[in-house]
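Structure first, then comments.
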Amino acid sequence: MSKATLVTIRAVRTEQAGVAVYAFFLPGSKVLEIADISRLERTKEGLEGFQRDAIQKHIAGMVDYLNSGPVLFPNAILLALSPRASFTRSRGPTPEGLIPSGDAGVLKLPIAKDGSKCAWIVDGQQRSTALARATDSTLPVPVIAFVSDDLQTHREQFILVNKARPLPKRMVDELLPEIDARRLPADMATRQIPSALVERLDADPESPFHGLIRRTSSNKDPGRIVTDSALVRMLQKQINNPLGALASFRSLDGGSTDPTAMYAQVLSFWNAVKNAFPEAWGLPPEQSRLLHSAGITALGALMDYLSPRVVQRSNAGKSYAGVLEAIAPYCAWNSGRWIDMDCDWNQIESTAKDIRLLSDQLIRLSQLHNLRHMA
């Protein structure tokens, strides 16, 4: 076999349950040169492969991240290797005190003349595809490979690797403000500002939410009655929706986004909410729907509606307060009924229908207030 038909790399070899396992690095673009993606499909012969279809949006996000500059990408790709791969142990003395966990050497991966490959991707097909499309084809990525050409073993390992749950979204959101946005993929960078605003709302003694927000790290504190995910979702919409209350503070042309101005607006609105509904503020969702996820989302929609009508942003708090205090007698956060919705206060749930009806109710009340004010 000529050298042109071999991919030769340095590797470390060990064994698990009598199966050879290798650890090595490959330039990102080389992964798909040596490894196939075994797609799951059903044919006349039965079930073939095991990999799901590629998620193009996910891949595009990783490509953008890889092309953003020097990046850290240490996530290992898991391969199943054909037994045709060969390993030669390196010679030389063993350093004193070395933990005997594996042997260093040279791994040779044959590529057949017909183009058939010597490995199959068990975990990391999206990453491998993104690496193949990235501008820097030389980025070295870690690979773990076990020797087996048995499809059943490939499927078993695929299921075991993917059995573990991904990180909870709330946990990721809580961690995001601690990370430099320049080092994040675009989709995660857009989640960072809302989460940072929520973090500040909880930590700021001047915030009405001070000490009330329940994050992953503070789930056991009974005094924290506001779920952070409801606030993060509301703020994301206000920032990313062109008609959102905070959209005007977001840069669309490479300029600077102004989270400080965003926070000032959020603070002015929610302080007005707290002052307008003092008897319903600070109560858990089972006692009040004001800080229930449905209430937070609906009030966020009201802020979106009112924001363009605030003439001077420096005086936003007074404008918000005027509307909220006027509609307060018609709201049923912790007792009574929503008359137009024909339901008791505790019948409001976090469903799309209830949130839409509650949002429309609050906006309609504010419109009636404006008409009375103009009369």
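Modelled spin labels at Glu96 and Cys343, positioned 7 Å past Cα toward Cβ, are 7.6 nm from each other. Neighbour counts of other Cβ atoms within 10 Å put Leu231, Leu267, Leu26 in the fewest-to-most order Leu267, Leu26, Leu231. Taking label points 7 Å from Cα along the Cα-to-Cβ direction, Asp150 and Leu6 give a separation of 2.8 nm.
If packing is taken as the average count of other Cβ atoms within 10 Å, what order do 330-337, 54-61 fall into, highest mean first?
With the highest mean Cβ count within 10 Å placed first, the list reads 330-337, 54-61.
With R₀ set to 35 Å, the beta-carbon distance separating Val71 from His210 gives a calculated FRET efficiency near 0.40.
Listed peptides 291-302, 139-150 appear in the order 291-302, 139-150 once ranked by packing, highest mean of other Cβ atoms within 10 Å at the front.
Holding the Cα-Cα limit at 27 Å, pick out from Lys274/Lys353; Lys237/Lys274; Lys57/Lys169; Lys57/Lys108; Lys169/Lys353 the pairs that are longer than that. In this structure, Lys57/Lys108 lie more than 27 Å apart at Cα.
With everything on Cα atoms, drop me the angle between helix 151-163 and the longest principal axis of the chain, reported from 0 to 90° to the nearest 10. On a 0 to 90 degree scale, this one is about 30.
For the listed peptides 76-84, 104-112, a ranking on the average number of other beta carbons within 10 Å per residue, highest first, reads 76-84, 104-112.
Would you work out the relative contact order for region 3-163, in percent, from Cα pairs under 8 angstrom that are 6 or more residues apart?
Details: 284 pairs, mean separation 64.0, N = 161.
Taking the mean separation of contacting Cα pairs over the length of region 3-163, I get 40 percent.
By its C-alpha gyration tensor, with a ≥ b ≥ c as the square roots of the eigenvalues, how is region 3-163 shaped: rounded for a/c under 1.5, else prolate for a/b larger than b/c, else oblate? Oblate, because a/c is 1.5 or more while a/b does not exceed b/c. Seen against the Cα atoms of the chain and their longest principal axis, helix 259-276 is set at about 40 degrees.
Using Cα-Cα distances under 8 Å and only pairs 6 or more residues apart, what relative contact order does region 270-375 have, in percent?
Details: 108 pairs, mean separation 34.2, N = 106.
This gives 32 percent for region 270-375.
With respect to the chain, whose longest principal axis is taken over its alpha-carbon atoms, helix 56-66 is tilted by about 80°. Fewest neighbouring Cβ atoms within 10 Å first, the residues His369, His210 line up as His210, His369. Relative contact order for the chain: 14 percent, from Cα pairs under 8 Å spaced at least 6 residues apart, divided by residue count. If you wrap the Cα atoms of the chain in a convex hull and average its projected area over all directions, you get 27.5 nm². From a point 7 Å beyond the Cα of Ala264 in the direction of its Cβ, which residues of region 188-216 have a backbone N at a distance under 17 Å? Inside the label zone: 197, 201, 206-207.
No lab work stands behind these numbers, since they all come straight from the coordinates. What you see is a predicted model, and the numbers here were worked out from it, not measured in a lab. No Cβ is skipped: glycine too gets one built from the backbone with ideal geometry, and neighbour counts run over all protein chains shown.
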